[in-house]
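These notes are about the structure you will find just below.
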Amino acid sequence: MTAFVMDENNGPVPAAKQHCVARAPESEAELPKINGATPVKPISNGTYTNGTHTNGTTKEHDHRTQDPFKLAKDFACTPRRIKVFTIGAGFSGLLMAHKFQHRFSEMEEIVDHTILEAHHEVGGTWLVNNYPGVQCDVPAHIYAFPFDPNPEWTRFYASGAEILEYFKKTVKKWNLDRDLQLNTKVVGAIWHDSEGMWEVELENTRTEEKRKEWCHVLVSGQGVLV
Ligand SMILES: Cc1cc2nc3c(=O)[nH]c(=O)nc-3n(C[C@H](O)[C@H](O)[C@H](O)COP(=O)(O)OP(=O)(O)OC[C@H]3O[C@@H](n4cnc5c(N)ncnc54)[C@H](O)[C@@H]3O)c2cc1C
């Protein structure tokens, strides 16, 4: 989307003169011309007269405007929050949550984070793989969240159940499930170049209901074993 910046002489302001002050054009005379042609009319359905819709609404309040320029509604340089979806609530997804919430806490102001997890609970590999004797194959003291080492392991190679217990405890302690949506499976994602966003298709794994949501950044923490 593009926001045009106009100066007092009704012309586009050169980039060098722009100081993050912008407003939408208020009249046809202010609209930029393409290859010297007649300015594109702000309203393509022809229902506006003197800036007012025939139904009485004003330009500012009518979102049905079909302006081919698609002028941005926000001022240029308006800060925006970035919507981030992370797929999976195993170690990868919850490390991501820790980074946004604690490690780089300044990200709180600019990121809206959502973790989408198909299962009913956190844990990923350690939730799903619960067969008898399942255990970590590296020493437990190096198999932990780096921000919360665990001196309490009962065995050199921790069992799957003990890892899952540690995992859940740590998630609660650091509030890492704050942005978590359980029973939510990502079943499709399409990148839209024109919007600069992902259209993500989600399925509620309990009701099988589908819905679509949009995000700027899609992070895969899907793992390979679940
Ligand atoms: C028996 C066993 C021993 C292991 N031992 C070790 C070891 O010693 N050292 C080691 O480093 N690793 C080991 N691993 C590997 C282990 O998988 C990783 O260490 C780690 O748990 C992977 O974490 P993850 O978050 O990347 O993926 P996972 O734990 O697999 O989590 C992925 C999550 O994403 C969710 N998900 C997937 N697709 C979707 C979707 N489309 N929509 C929504 N949610 C989705 C899944 O439900 C899951 O919860 C072991 C694994 C097993 C099974």
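The values are calculated or read from the model by the stated rules, or taken from the named source; none is laboratory data. All figures in this text were calculated on a predicted structure; none of them were measured in a lab. Cβ sites come from the backbone with ideal geometry, for glycine too, and all protein chains shown count toward neighbours.
Just to be sure before I move on: is PHE156 part of a loop (DSSP other than H, G, I, E, B), within 24 Å of GLU108 (Cα to Cα) and of a type in the set (Phe, Trp, Tyr) in the structure I sent? Taking the combined requirement at face value, the residue does not satisfy it.
Matching residues to (1) closer than 25 Å to SER220 by Cα; (2) in the same structural domain as PHE91 (by TED's automatic domain parsing); (3) touching a Pro at 6+ places or on another chain (Cβ under 8 Å):
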| site | (1), (2), (3) |
| --- | --- |
| ASN129 | yes, yes, no |
| PRO132 | no, yes, no |
| HIS141 | no, yes, yes |
| PRO146 | yes, yes, no |
| ASN150 | no, yes, no |
| THR154 | no, yes, no |
| GLU162 | no, yes, no |
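Conditions (1) within 14 Å of the ligand (Cβ to nearest atom); (2) under 13 Å from ALA89 (Cα atoms); (3) of a type in the set (D, E, K, R); (4) surrounded by 15 or more Cβ atoms within 10 Å (Cβ to Cβ), marked per residue:
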position	(1), (2), (3), (4)
LEU176	yes, yes, no, yes
VAL186	yes, yes, no, yes
TRP191	no, no, no, no
GLU213	yes, no, yes, yes
VAL217	no, no, no, no
SER220	yes, yes, no, no
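Screening the range 77-92 for residues that are over 16 Å from TYR166 (Cβ atoms) and crowded, with 20+ Cβ neighbours inside 10 Å and picking the one that is nearest to the ligand (Cβ to nearest atom) gives GLY88. Just one of the numbered conditions (1) touching a residue at least 12 places away in the same chain (Cβ under 8 Å); (2) more than 7 Å from the ligand (Cβ to nearest atom) is not true of GLU108: (1). Please specify each residue of the range 54-111 satisfying the condition of being of a type in the set (A, V, I, L, M), modelled with pLDDT under 85 and under 20 Å from the mean Cα position of the chain (by Cα). Within the range 54-111, ALA72 is the sole residue that qualifies. State whether one or more residues within the range 95-103 are closer than 23 Å to GLU203 by Cα, in contact with a strand residue (DSSP E or B) (Cβ under 8 Å, 6 or more places away or on another chain) and in a helix (DSSP H, G or I). Scanning the range 95-103 turns up at least one residue that is closer than 23 Å to GLU203 by Cα, in contact with a strand residue (DSSP E or B) (Cβ under 8 Å, 6 or more places away or on another chain) and in a helix (DSSP H, G or I). Of the residues making up the range 111-152, those that are in contact with a Phe, Trp or Tyr (Cβ under 9 Å, 6 or more places away or on another chain), within 11 Å of the ligand (Cβ to nearest atom) and in a helix (DSSP H, G or I) are THR125, TRP126, LEU127, ALA140.
Please indicate, with yes or no, whether at least one residue in the range 184-194 is in contact with a strand residue (DSSP E or B) (Cβ under 8 Å, 6 or more places away or on another chain), of a type outside the set (Ser, Thr, Tyr) and part of a loop (DSSP other than H, G, I, E, B).
no
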